[in-house]
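Okay, structure first, notes after.
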Amino acid sequence: MAGRTTERREQALSRERIVAAAITLLDADGEDGLTFRALSARLATGPGAIYWHVANKNELLVAATEAVLAGATGRPDAADPAQAVRAVALAVFDAVDEHPWAGAQLSRAPAQPAMRRILERLGQQTLALGVPAADRFTSASALLNYIIGSSRQNAANARTQPPGGDRTAILAAEAAAWRTLDPDEYPFLHEIADQLPRHDDRAQFLAGVDLILAGIARLPG
């Protein structure tokens with residue numbers, strides 16, 4: 001009788017529930033906060049029941065990353081390939097902004113399914129854009145590296161700001177610090193200091209994607 005009760009409990013505790021609980025812990029406390037003890041407490045079950053569905057923390061991180069990036073790894077709705085690239089890019093940007101640990105996980109484990117699917121979606125669009133075969137891997141990789149790297153950096157920057165802090169005021173203070181630098185040594189920072197407080201991170205990110213797309217469009221052939 002006890003065996004049947006345990007089996008029913010393990011069946012009720014689905015992999016989806018475990019992954020959802022893991023995402024909640026990751027969002028609240030980061031990767032260090034995701035332990036099987038904390039997960040067991042949240043799900044009101046024992047570690048053995050969780051191990052029935054996931055083998056270890058690494059498998060759980062991979063599954064959680066796949067879940068939060070589902071919008072970026074699905075097939076894009078846009079018929080225009082450049083617009084499809086932008087849709088994938090923004091889906092990654094927004095997912096990593098909401099779940100910063102996912103950006104770190106993508107960078108740490110580039111062979112995981114979520115990364116493969118993002119690369120596949122981007123690569124398919126290089127085909128649709130007519131990129132020569134010899135340049136497709138480089139083009140898709142350039143997009144992938146920019147998208148993942150910039151998304152992760154944006155999320156990291158956001159987390160360095162104090163809760164409830166005024167972003168414009170923080171950036172204005174940084175711009176003021178730039179203006180105190182030697183203009184001969186830092187001419188570029190002096191030039192862009194006025195733009196820093198009022199720039200939009202998401203729009204700037206998308207502009208970077210467009211710069212790469214513009215370069216891809218100029219490839220011979």
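The values are calculated or read from the model by the stated rules, or taken from the named source; none is laboratory data. This one's a predicted model, so the numbers in the text were calculated from it and none came from an experiment. Here the Cβ is made from the backbone with ideal geometry for all residues, glycine too, and neighbour counts use every protein chain on show.
In summary, helices (runs of 4 or more DSSP H) completely within segment 21-105 and bearing 3 or more residues that are of a type outside the set (Phe, Trp, Tyr) and farther than 29 Å from ARG202 by Cβ occur at 36-43, 47-51, 57-68.
Put simply, of ARG152, ARG179, ARG116 the only residue that is in contact with a helix residue (DSSP H, G or I) (Cβ under 9 Å, 6 or more places away or on another chain), at pLDDT below 95, charged (D, E, K, R) and surrounded by fewer than 18 Cβ atoms within 10 Å (Cβ to Cβ) is ARG116.
One line per residue, one yes/no per condition, for (1) more than 29 Å from ASN58 (Cβ to Cβ); (2) crowded, with 24+ Cβ neighbours inside 10 Å; (3) in contact with a Gly (Cβ under 8 Å, 6 or more places away or on another chain); (4) not polar (S, T, N, Q):
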{"site": "ASP77", "(1), (2), (3), (4)": "yes, no, no, yes"}
{"site": "PRO81", "(1), (2), (3), (4)": "yes, no, no, yes"}
{"site": "PHE93", "(1), (2), (3), (4)": "no, yes, no, yes"}
{"site": "HIS99", "(1), (2), (3), (4)": "no, no, no, yes"}
{"site": "ALA102", "(1), (2), (3), (4)": "no, yes, no, yes"}
{"site": "ARG108", "(1), (2), (3), (4)": "no, no, no, yes"}
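Kindly establish whether THR45 is hydroxyl-bearing (Ser, Thr, Tyr) and under 19 Å from GLN153 (Cβ atoms). For THR45, the condition - hydroxyl-bearing (Ser, Thr, Tyr) and under 19 Å from GLN153 (Cβ atoms) - is not met.
Taking the stated definitions as given, is ASP194 of a type in the set (Asp, Glu), out of contact with any Asp or Glu (no Cβ under 8 Å at 6 or more places or on another chain), part of a helix (DSSP H, G or I) and more than 27 Å from ALA102 (Cβ to Cβ)?
It is false that ASP194 is of a type in the set (Asp, Glu), out of contact with any Asp or Glu (no Cβ under 8 Å at 6 or more places or on another chain), part of a helix (DSSP H, G or I) and more than 27 Å from ALA102 (Cβ to Cβ).
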